[in-house]
1. Could you check, for the range 86-99, whether at least one of its residues is at negative phi, of a type in the set (Phe, Trp, Tyr), surrounded by fewer than 24 Cβ atoms within 10 Å (Cβ to Cβ) and at pLDDT 95 or above?
2. Could you list, in sequence order, the residues of the range 37-61 that are polar (S, T, N, Q) and surrounded by fewer than 19 Cβ atoms within 10 Å (Cβ to Cβ)?
3. Out of everything in the range 234-278 that is aromatic (Phe, Trp, Tyr) and in a helix (DSSP H, G or I), what residue ends up being surrounded by the fewest Cβ atoms within 10 Å (Cβ to Cβ)?
4. What are the residues in the range 137-157 that are crowded, with 24+ Cβ neighbours inside 10 Å and closer than 16 Å to Asp127 by Cα, if any?
5. Starting from the range 257-279, take each residue that is among the charged types (D, E, K, R) and list its partners that are surrounded by 12 or more Cβ atoms within 10 Å (Cβ to Cβ) and at pLDDT 95 or above, counting only C-beta distances under 6 angstrom and pairs at least six apart or across chains.
6. Conditions: (1) over 26 Å from Asp87 (Cβ atoms); (2) of a type in the set (D, E, K, R); (3) at pLDDT 95 or above. Lys8 meets all but one. Number of the miss?
7. What helices (runs of 4 or more DSSP H) lie completely within the range 79-167 and have 2 or more residues being touching a residue at least 24 places away in the same chain (Cβ under 8 Å) and within 26 Å of Leu250 (Cα to Cα)?
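The values are calculated or read from the model by the stated rules, or taken from the named source; none is laboratory data. Bear in mind that the values here come from a model prediction, so they are computed numbers and not experimental data. Reconstructed Cβ throughout: ideal geometry from the backbone, glycine too, with neighbour counts over all protein chains shown.
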Amino acid sequence: MERMKTFKRFFAFVLLCAAVCAPLFAGSVKVVPVKSEAMNKDIKTLVVLPDACANADANKKFPVVYLLHGFGGNYKSWLDIKPNLPDLADRYGIIFVLTDGATSWYWDSPVNPKLKYETFVSKELVDFIDANFKTRAEAAGRAVSGLSMGGHGALWLAINHPDVFGAAGSTSGGVDIRPFPKNWDMAKNLGEYKDNPQVWDAHTVTENLDKIGKDTPAFIIDCGFDDFFFKVNEALHEKMLSRKIAHDYLTRPGAHNGKYWNNSIDYHIVFFDKFFNRK
């Protein structure tokens, strides 16, 4: 009798685990190496596919959201922060692509010829994803977002490649790098700020708004009140307002951490879903 009770408790536990964990595996998750000819190496990339993608006919295409990690992160970071991404892929019919950006800030470095992550993400990775998955291979079907270093990278890529990314988001983004000249390997990738201020100006989002023309990407930007990047995000918001650059800007209580990003990325996904489905 005691053995039967133990079995029933175990069986109930298994059912509970299945109920709790099922949404996490709604879509399929694939890890693929993507060759970067520009850097002569393979870069691990994680692709989250909605279940509908596997069963869709050849004419059915899915929009793609590229998610960029922050400094110290890797290609798995966004799935660690948001473990229900497969469920969201199913719910919205979106393919999520998570790739590795090392500590690059998603630039092609002017001082290190081996660091070309702008070329990788905006060209090589996009071409690979479009060639191997059922994607809407157009700017209207692509968005890019990221946290911290990846937030800067997402805006940087969309501003400089509006023909590739039709929408972009930044959460807790380091959108102006110049107040932080000694941090996060930026001097290693750009040269010392005191010796190259013009290079730093040219590689920070806030000084690249003049590039935004008639093909303005759809922007969503947010940052928590307690974040050390809050002031630079406020400044970017004011500068975009003064130049009449359309964007959604959100602030709420929160710091520079996974709890904040787990919540904030939901807003980005809703924003991108509306962008993908607009007439």
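1. yes
2. Asn40, Asn55, Asn59
3. In this case the residue turns out to be Tyr267.
4. Arg142, Ala143, Val144, Leu157
5. From the range 257-279, the pairs are Asp273/Tyr92.
6. Of the numbered conditions (1) over 26 Å from Asp87 (Cβ atoms); (2) of a type in the set (D, E, K, R); (3) at pLDDT 95 or above, the odd one out for Lys8 is (3).
7. Those helices (runs of 4 or more DSSP H) span 85-92, 149-160.
Each row is one residue, and each column tells you yes or no for (1) modelled with pLDDT under 95; (2) among the polar types (S, T, N, Q); (3) crowded, with 19+ Cβ neighbours inside 10 Å.
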{"position": "Asp163", "(1), (2), (3)": "no, no, no"}
{"position": "Gly173", "(1), (2), (3)": "no, no, yes"}
{"position": "Glu192", "(1), (2), (3)": "yes, no, no"}
{"position": "Asn196", "(1), (2), (3)": "yes, yes, no"}
{"position": "Ala202", "(1), (2), (3)": "yes, no, no"}
{"position": "Val205", "(1), (2), (3)": "no, no, yes"}
{"position": "Leu209", "(1), (2), (3)": "no, no, no"}
{"position": "Phe219", "(1), (2), (3)": "no, no, yes"}
{"position": "Lys231", "(1), (2), (3)": "no, no, no"}
